[in-house]
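Below: the structure, in structure tokens.
Derivation of every value follows stated rules applied to the coordinates shown; laboratory data play no part. Quick caveat, the model's predicted, so the values are computed rather than measured. Glycine also receives a Cβ, built like all others from the backbone with ideal geometry; neighbour counts cover every protein chain displayed.
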Amino acid sequence: MRGGGSPVGIGGGKLPAIGRGGGGPPIGRGGGAMPDIAASFIYKGTEQIFKSCCDRCVISSSNKSINRIIISPIVQYSTSSSYEYLPPNPDSPPGVFHIPTLKSSYPKNTPAGLRGEAVRSALLTTERCIGWDLATNVETSMGGLLEISGRGTIDFLNGKLTTSIDNSISNNNVYREGCLLDAKGRLIDILRVTIVDDNIRALIMTSPGHSSTNLMKRLDPFVFPMDEVVLTNFVGNCNDDNDDGNNNDNSNRSFGFTLASTQYKHVQKVMREQSNLLDGLENDMSFPGRSQGVVWKYRNDGTEVLVVPSTGLSSVACVGYTFVFFGNKSTGSDALELGQRVWKHLISDGNVDGPIEVGALEYETLRVEAGQPAYGCEYGIDRTKSKDKEEEAKNLQEKSKKSMSSIIKTSPIEFHLNSLIDENKGCYLGQEGIASVLKNPRGPPRKLYAVVFEDDSNIYDAQSSGDKSDFDNLTTLPKPGQKLYALGSNEELQVGTLTSVGESGGTGSTHTVALALIKRSDSIRKQMKQFDLEIPRDPDDFLDVDLSSGSGIIQPPSLDPLEGLEVIVEGTFTVGILKCVPSRRSGIGINRNMFDEDIIVEGIPEHEVEIPSSRNTSVDFEVDDENDDSSASLEDLEAEVKLAAVEAETAAAEANRKAEKMALLQQRAKEAMERRKQKKKE
């Protein structure tokens with residue numbers, strides 16, 4: 001943090017600037033020629049021992065001896081020059097990951113750095129792809145699949161989601177992503193929806209960590225007979241505490257996994273060549289476009305496979321597809337078994353050309369690094385609160401009530417999900433809350449940022465255990481829920497709160513990544529002036545130009561006003577730097593991969609394949625009689641005309657219904673205004 005005044009170290013004070021403070025020449029960590037870990041400084045004054053309010057710097061002074069200031073995560077004071085400093089071991093583990101239940105796909109005790117480097121190397125340098133099923137952990141389980149079927153499917157979805165689906169046309173194999181909100185506009189989940197069978201069937205994928213059982217319990221109270229819809233739950237990979245516990249072999253089941261790469265064609269190649277599925281499918285293995293979803297059908301037992309063009313992560317990190325095998329009560333166990341068998345074959349040691357498995361632990365760090373918000377962390381049910389309340393709950397009904405009340409109070413706009421919101425759409429659940437945020441000229445109250453904790457700036461307590469210090473090293477690994485303060489404000493200027501933290505070293509680099517919700521930039525910048533603080537701007541960050549290209553184009557600095565802000569975690573010495581999430585970073589070029597900007601990411605086309613309508617599933621490839629072909633074409637044309645007429649009649653009836661409803665609402669509003677005027681006169 002740069003600034004005027006005379007703060008000591010981090011916390012501020014009245015002595016000359018030292019270390020990370022502003023003002024005078026930096027000593028120790030802040031710059032200069034002194035060592036990073038400890039620095040000596042002569043201070044003349046009366047006999048005193050001064051301990052700064054942040055506990056980062058300890059000053060001992062005496063008229064008769066040379067005094068020392070130790071500027072380090074390991075705070076030590078001595079009244080003589082005989083103190084022998086014991087350096088920490090930066091190669092030792094910095095501590096235990098805050099979610100110890102997350103399982104890794106690598107052998108036990110494999111260093112996080114090696115695991116992170118292996119995952120990213122497989123993603124960037126091979127065509128084998130990476131993949132995850134996440135079935136071993138409730139926190140990251142693929143969640144399951146929910147089916148909505150019936151004539152009112154599209155209307156029901158339009159009344160619940162922030163996105164729009166046109167009901168006036170046939171939406172066969174249409175894919176949409178939308179936000180499910182509560183009545184106050186708080187984000188419950190980001191749903192991936194595929195419309196099949198000409199508007200009468202929708203297959204909905206929940207986010208990892210959110211079960212389809214929980215989603216069904218939330219939507220079921222909104223279903224009325226007039227809606228003409230039926231909800232069917234296909235239980236997911238990993239049951240959670242909200243599942244019924246009655247998921248036997250005769251229930252609807254599903255199994256899902258995701259394959260990802262820097263190029264979507266790599267995933268298609270792996271599935272065609274390595275999955276051994278081709279012989280069992282009724283039709284060719286056709287992949288959907290960016291706005292499509294397809295359902296493959298398995299000829300032997302009726303198992304279906306939903307394929308959607310999404311990995312659940314930002315496209316700047318990876319692209320690919322998610323595959324969900326599912327079946328009803330008669331075929332559910334076969335679908336589950338088939339999906340598991342395909343997945344195990346793909347990642348088996350003998351399949352040397354198959355994808356590299358990413359465990360739940362590695363996925364969590366990859367998600368955080370990609371800047372992707374998650375259910376249970378940034379939105380949805382607060383896991384920490386819901387667990388505490390479940391312990392106190394006496395029965396299932398009480399559990400449900402308490403679970404509903406522990407929703408994280410966040411809006412999709414805070415996560416930069418504006419593309420999933422149709423601002424021109426009519427009434428839907430939570431619309432008023434979204435409208436109030438959109439109308440605010442200052443924008444949402446918070447926004448999602450990445451926080452980078454460099455190892456060079458943080459020697460963690462577990463790495464300094466060999467140092468014989470009189471004071472504790474408070475540089476600890478950050479955890480979700482901890483508050484962030486502007487560095488140099490003496491923990492008086494709170495800027496935000498951590499929501500997710502990746503595994504230390506899990507990125508394959510010497511830093512720890514986290515996500516945080518940060519307050520409005522204009523408010524923070526205004527308060528920073530009161531502390532005489534400013535955000536460091538390094539010209540080298542945007543003046544690094546490749547002159548060999550001959551373009552002479554200089555990359556502009558970040559347009560985000562908080563990019564580069566130095567922060568400190570509450571009650572610790574842990575220091576980090578705010579960064580925009582990768583999808584918003586100005587330094588990442590269009591269609592460039594966040595891990596390697598030399599890689600051009602080819603996005604999935606809008607329509608990858610021409611998918612035939614489910615109304616005409618039989619296609620004759622050999623025609624001997626031209627008259628028969630023309631007759632069949634005429635019949636198809638007549639059927640299409642009749643269907644178009646029915647759809648037009650339905651659309652007209654729907655338009656009349658909406659017009660009548662609007663007229664009724666206007667009449668009620670007029671009557672209410674007249675009653676209000678009458679009361680004022682009285």
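Quick one: length gained pulling residue 607 to residue 590 fully straight, 0.36 nm per residue minus the C-alpha distance?
That works out to 4.0 nm of additional length.
Can you run phi through the Karplus equation (6.51, -1.76, 1.60; θ = phi - 60°) for segment 312-319 and list ³J(HN,Hα) in whole Hz, with x for Gly and Pro?
Result, ordered by residue: x, 10, 4, 5, 6, 9, 6, 10 Hz.
Quote the charge dipole size of segment 112-375 about the Cα centre in Debye, to the nearest 20; the model charges only the Cβ of Lys and Arg (+1) and of Asp and Glu (-1).
That gives a dipole near 520 debye.
For residue 96 paired with residue 110, estimate the spin-label separation in nm (one decimal), with each label point 7 Å from Cα along the Cα-to-Cβ line.
Between residue 96 and residue 110, the simple spin-label model gives 2.2 nm.
Under 8 Å for C-alpha pairs, at least 6 residues apart: give me the relative contact order for segment 258-358, rounded to a whole percent. List each step's numbers first, then the result.
Details: 162 pairs, mean separation 27.4, N = 101.
Relative CO of segment 258-358 lands at 27 percent.
In this model, which of 103/265; 439/679; 409/479 are farther than 26 Å apart at the alpha-carbon?
103/265; 439/679
What does the convex hull of the alpha-carbon atoms of segment 290-331 project to on average, in nm²?
3.5 nm²
So, R0 is 41 Å and r is the distance between the beta-carbons of residue 530 and residue 290; what FRET efficiency does that work out to, to 0.05?
With a Förster radius of 41 Å, E is 0.30.
Once you place label points 7 Å from the Cα toward the Cβ at residue 117 and residue 222, how far apart are they in nm?
Taking the simple label geometry, residue 117 and residue 222 are separated by 4.8 nm.
Fewest first, what order do 379, 175, 106, 449 take by the number of other Cβ atoms within 10 Å?
Result, fewest neighbours first: 106, 175, 449, 379.
For residue 278 and residue 671, calculate 0.36 nm times their separation in residues minus their Cα-Cα distance, and state this gained length in nm to one decimal. Display every interim value, and only then the final one.
Values: separation 393, 0.36 × 393 = 141.48 nm, distance 6.49 nm.
Computed gain between residue 278 and residue 671 is 135.0 nm.
According to a simple spin-label model (label point 7 Å from Cα along Cα-to-Cβ), what is the distance in nm between residue 427 and residue 103?
Rounded to a tenth, the inter-label distance reads 4.7 nm.
Suppose the chain between residue 455 and residue 436 were pulled fully straight at 0.36 nm per residue; how much longer would it get relative to their current alpha carbon spacing?
Stretched fully, the residue 455-residue 436 segment lengthens by 2.7 nm.
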